[in-house]
Amino acid sequence: MRTRGTRHSRTLLPLATVIAVAATPLLSAAPSAATASVTTDDAAWTTPAFVRTVGARGSAGLYAWGVAFNPATTHVLVGDYLNYQVREFTTEGTLLKSFYRSASERRGQPEGIAVDPRTGDIFVSDHARGSAGYVARFSVGGSFKQEYRLPGVRYNAWITVDHAGYLYVSDSHSWNNAADPPKIRKFDVSGSSAREVLSFGSYPNLGQITGVAVDPEDGKIYLADLKNKRVNVWNSNGTPHAIIGDGKFSGDMRGVAVNEGNRQLYVVDAGAGQVERFNLDTKAHLGTFGSLGSGPGQFGDGGRGITVDDHDDVWVADYGNTRVLKFSASGSFLAAYPNPPQKPPAGSLAQPRDVAIGAANAVWTVEQNNHRLQRFTPAGAPNGMWGKRGSTPPLGFNYPRGIAVQPGSGRIWVANTTEASVRVLTPTMKLAFEIKKPGYLTEVIDIEFGNGKAYIGDANGGRVIIVNPSNGAILGAISKRCAGVAVNPAGGDVYCSSWYDDRIYRYSKSGSLLDTFGTPGSGTGQLTNPWDIDIAGGTLWVTDADRAKVLAYSLGGTFLGEFGSAGDRPGQFNNPSGITHDGSGKLYVADAGNDRIQVFDPKASLPSDSSAPAVRITKPSGSTPLPVPTTLTGTVSDNTRVGTVELAIQNQTTNMWWDGRTSTWASTKAWTNAGVKGSGTTSGQWWFPLIGAQRGQGYRLEVRAFDARLNTSAIVVTTFRTSG
């Protein structure tokens, strides 16, 4: 499956500060009759030397999306959207287990969750763009049973199962219109394949359906209608019955749940950060609970999935605050889980998609999964963290994938990808302006400066957008569907990389196409998914996310060489994405799948070396219990160049191992990359924030190090306990 960087289609909220722009013409994209001259250095190419890594691996403990109560176990199931897990909690918030399909088997991410109340079987919408219509079925104990491909379904994030075992799917998204109305599809899943037994929908009385629930008493179907800002009620035979809550919702509706015990309907009003209550029988509005924020009972960006347990308590996925909230039936806040919280700490990275160099060689990166910006010192120490999941400027982000520092002003430009906008922030993190033009900007990925302009790669929009960097006014565009952009400082030619065409295009600064280079394919020198490009030292550098390579071309398009391989050791990559360079020409690569930045020096080479590095643990030290969550630390050294440090952590009571790739305790031993900081290259300090530690537990810690030549240290072992 081609990795396009897991793009998420979500309904977007209007933003507070938007620059109005007029329609702008595309610049000419016709090839010129003659190829313009380029400035290039075609000297012998050598593999850039590994210098260091920046950042530690670390996602949040729970990116809550779908929620369902399982009456067979009386447990609550939560879809951990970005860790690719389903978490099973007791109704008192104890995490019992985590399960899902392996990376090689799953189709996408666990979004909607539903339970067959007769058997306890668990249905998960295994959904990704380009791989829609799949639902995975698990046993009541979490073992995978089978996969269904739902015929005709294009979008299946919202699902439920009725008391007869029929699966209902909301096949609906923002593209719905009169010619392509939303559909509610009912499937018989009693056999080896899903058989559709009912389908209904119309437009505009059904707009975009973002939640579905079935009343077990009378079979009525309740649909959260985001576009019409109401709940549509349909009879079990697929005919309209009633409307609930017209005028009560902000617009960004999410989940809906029926409580047959107290005859109440709960609807997530995400835009307002609330949950609305209604009487199922009279349709009367009974009240509201929740608000926007990060405190007790508040939602970071509004709730997502919602369910009711056997005590009539209401559980709501608080994706923006990386937790799930529990309320009483009347809306009193009861608890938040996980407890203690497992928020992503400073310095840990989850899918860093781009990197930029700021003043004093500060390293800036943008995290797709944690929806935030981070800054590190040149020595790799965390030095600032801003942002969270949300739609409100300046620091509410929605899967940001690009970052750039504007020369001179120091403004931070952020490609707020799923909001289809570019946020421009002052050095003090105030909003300078926002570039947003619905229908014109669609999927902004990369931002570069040159020729006195800013260039924005809009991967799906079919253009590179040219912008006045002082005020964000759109000046024009280059008509090519590119993600990455680079500008040659000598001559002003504009290069862009297309992950759809698997080619590099070169334009004059006036917008004329000069030439095309790069061959699609998986062989040496070929392109499978060119994500980003950068010009440094007279060379064009290209990250290929699928091939786990960085390729080098002359500025005239001659292939010079490539480096990297799949893996997580020094110099290896997993989905390399953004690339940039500093004033000395060092390359910085956002190694997204490994949750780190890697730095390379094209002007240096690594000497032959067979000596192993040395690693030491400084915390824990002694018998004093550590607080939770806690940060483990130590030192590392090597005679030539330090590479990476890895940790393996085992709970001595459960014998489970911490897997930092998914923030999960698992039965199989897993090694997780720590962060390394230090001003030199032969010694440094490692650190790792262990968010999964529980109070009053004993742990075994193993640490090992690799140098830049992949020599491995001896494993150092210690044990420690946590307080409480």
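What are the residue pairs meeting all of these: first residue in region 661-682, first residue within 27 Å of Arg641 (Cβ to Cβ), second residue open to solvent by 60 Å² or more (accessible area, probe 1.4 Å), Cβ atoms under 6 Å, and 6 or more apart or on different chains?
Lys677/Gln685; Gly678/Gln685
Kindly indicate which of Ser199, Ser174 is modelled with pLDDT under 95 and surrounded by 14 or more Cβ atoms within 10 Å (Cβ to Cβ).
Unique residue meeting the criteria: Ser174.
Working only within region 97-150, note down all residues that are open to solvent by 50 Å² or more (accessible area, probe 1.4 Å), among the acidic types (Asp, Glu) and assigned to a loop (DSSP other than H, G, I, E, B).
Within region 97-150, Glu105 is the sole residue that qualifies.
Out of the residues in region 309-321 meeting the condition of being open to solvent by 20 Å² or more (accessible area, probe 1.4 Å) and touching a Phe, Trp or Tyr at 6+ places or on another chain (Cβ under 9 Å), tell me which one is farthest from His371 (Cα to Cα). Please lay out each step first, then the result.
Let us first name the residues in region 309-321 that are open to solvent by 20 Å² or more (accessible area, probe 1.4 Å), namely 310-313.
Keeping just the survivors that are touching a Phe, Trp or Tyr at 6+ places or on another chain (Cβ under 9 Å) gives 310, 313.
On the way: Asp310: 34, Asp313: 30 Å.
Applying the filter and picking the extreme gives Asp310.
Being small (Gly, Ala, Ser) and open to solvent by 10 Å² or more (accessible area, probe 1.4 Å) is the filter; apply it to region 665-674 and report the residue that is farthest from Tyr84 (Cα to Cα).
Step by step, filter region 665-674, then rank; the result is Ser667.
Looking at Ser479, is it over 27 Å from the mean Cα position of the chain (by Cα) and at pLDDT below 95?
So Ser479 fits the description; yes.
How many residues does region 322-361 contain that are part of a loop (DSSP other than H, G, I, E, B) and of a type in the set (Gly, Ala, Ser)?
9
Please indicate, with yes or no, whether at least one residue in region 691-700 is small (Gly, Ala, Ser) and more than 25 Å from Gln374 (Cα to Cα).
Yes - at least one qualifying residue is present in region 691-700.
Which residues, counting only those in region 637-664, are surrounded by fewer than 21 Cβ atoms within 10 Å (Cβ to Cβ) and within 21 Å of the chain's Cα centre (by Cα)?
Matches in region 637-664: Thr662 only.
Sort out which residues of region 43-96 are of a type outside the set (Gly, Ala, Ser), crowded, with 20+ Cβ neighbours inside 10 Å and in a loop (DSSP other than H, G, I, E, B), and write them in order of number.
Answer for region 43-96, where residues must be of a type outside the set (Gly, Ala, Ser), crowded, with 20+ Cβ neighbours inside 10 Å and in a loop (DSSP other than H, G, I, E, B): Pro48, Leu62, Tyr63, Tyr81, Leu82, Asn83, Tyr84.
For region 638-647, check the following and say yes or no: at least one residue is of a type in the set (A, V, I, L, M, F, W, C) and without any contact (Cβ under 8 Å) to a residue 60 or more places away in the chain.
Yes, region 638-647 contains at least one residue that is of a type in the set (A, V, I, L, M, F, W, C) and without any contact (Cβ under 8 Å) to a residue 60 or more places away in the chain.
Has region 571-582 got at least one residue that is touching a residue at least 40 places away in the same chain (Cβ under 8 Å), buried (at least 24 other Cβ atoms within 10 Å of the Cβ) and more than 25 Å from the chain's Cα centre (by Cα)?
Scanning region 571-582 turns up no residue that is touching a residue at least 40 places away in the same chain (Cβ under 8 Å), buried (at least 24 other Cβ atoms within 10 Å of the Cβ) and more than 25 Å from the chain's Cα centre (by Cα).
If Asn383 satisfies every condition in (1) touching a Phe, Trp or Tyr at 6+ places or on another chain (Cβ under 8 Å); (2) crowded, with 21+ Cβ neighbours inside 10 Å but one, which is the exception?
(2)
Looking only at region 478-515, which residues are part of a strand (DSSP E or B), under 14 Å from Asn451 (Cα atoms) and open to solvent by less than 10 Å² (accessible area, probe 1.4 Å)?
Result: Val485, Ala486, Val494, Tyr495, Tyr507.
Going through Gly457, Gly452 one at a time, which residue ends up being open to solvent by 20 Å² or more (accessible area, probe 1.4 Å), at pLDDT 95 or above and within 20 Å of Lys509 (Cβ to Cβ)?
Details: Gly457 fails: open to solvent by 20 Å² or more (accessible area, probe 1.4 Å).
Step by step, each of Gly457, Gly452 is checked, and only Gly452 is open to solvent by 20 Å² or more (accessible area, probe 1.4 Å), at pLDDT 95 or above and within 20 Å of Lys509 (Cβ to Cβ).
Among the residues of region 597-607, are any among the acidic types (Asp, Glu), touching a residue at least 24 places away in the same chain (Cβ under 8 Å) and in contact with a Lys or Arg (Cβ under 9 Å, 6 or more places away or on another chain)?
Scanning region 597-607, I find at least one residue that is among the acidic types (Asp, Glu), touching a residue at least 24 places away in the same chain (Cβ under 8 Å) and in contact with a Lys or Arg (Cβ under 9 Å, 6 or more places away or on another chain), so the answer is yes.
Restricting attention to region 687-712, which residues are open to solvent by less than 10 Å² (accessible area, probe 1.4 Å) and more than 31 Å from the chain's Cα centre (by Cα)?
Of everything in region 687-712, just one residue is open to solvent by less than 10 Å² (accessible area, probe 1.4 Å) and more than 31 Å from the chain's Cα centre (by Cα), namely Gly698.
Given the structure, is Lys677 charged (D, E, K, R), surrounded by 20 or more Cβ atoms within 10 Å (Cβ to Cβ) and within 17 Å of Ser348 (Cβ to Cβ)? Please lay out each step first, then the result.
Details: charged (D, E, K, R): yes; surrounded by 20 or more Cβ atoms within 10 Å (Cβ to Cβ): yes; within 17 Å of Ser348 (Cβ to Cβ): yes.
So Lys677 passes the test.
Could you tell me which of the residues Thr428, Thr442 is surrounded by fewer than 24 Cβ atoms within 10 Å (Cβ to Cβ), free of Cβ contacts under 8 Å to residues at least 12 places away in the same chain and β-branched (Val, Ile, Thr)?
Thr428
Could you give every pair whose Cβ atoms fall below 7 Å, whose first residue belongs to region 514-531 and is more than 13 Å from Asp546 (Cβ to Cβ), and whose second residue is buried (at least 16 other Cβ atoms within 10 Å of the Cβ) and among the hydroxyl-bearing types (Ser, Thr, Tyr), counting only separations of at least 6 or pairs across chains?
Qualifying pairs under 7 Å: Leu514/Tyr507; Leu514/Ser508; Thr516/Tyr505; Phe517/Tyr553.
The values are calculated or read from the model by the stated rules, or taken from the named source; none is laboratory data. Please read these numbers as outputs of a predicted model, since none were measured by experiment. For neighbour counting, all protein chains shown are included, and Cβ atoms are generated from backbone atoms with ideal geometry for every residue, glycine included. Ligands, DNA and RNA are excluded from the accessible area calculation, which covers all protein heavy atoms including side chains. Shrake-Rupley method; radii C 1.70, N 1.55, O 1.52, S 1.80 Å.
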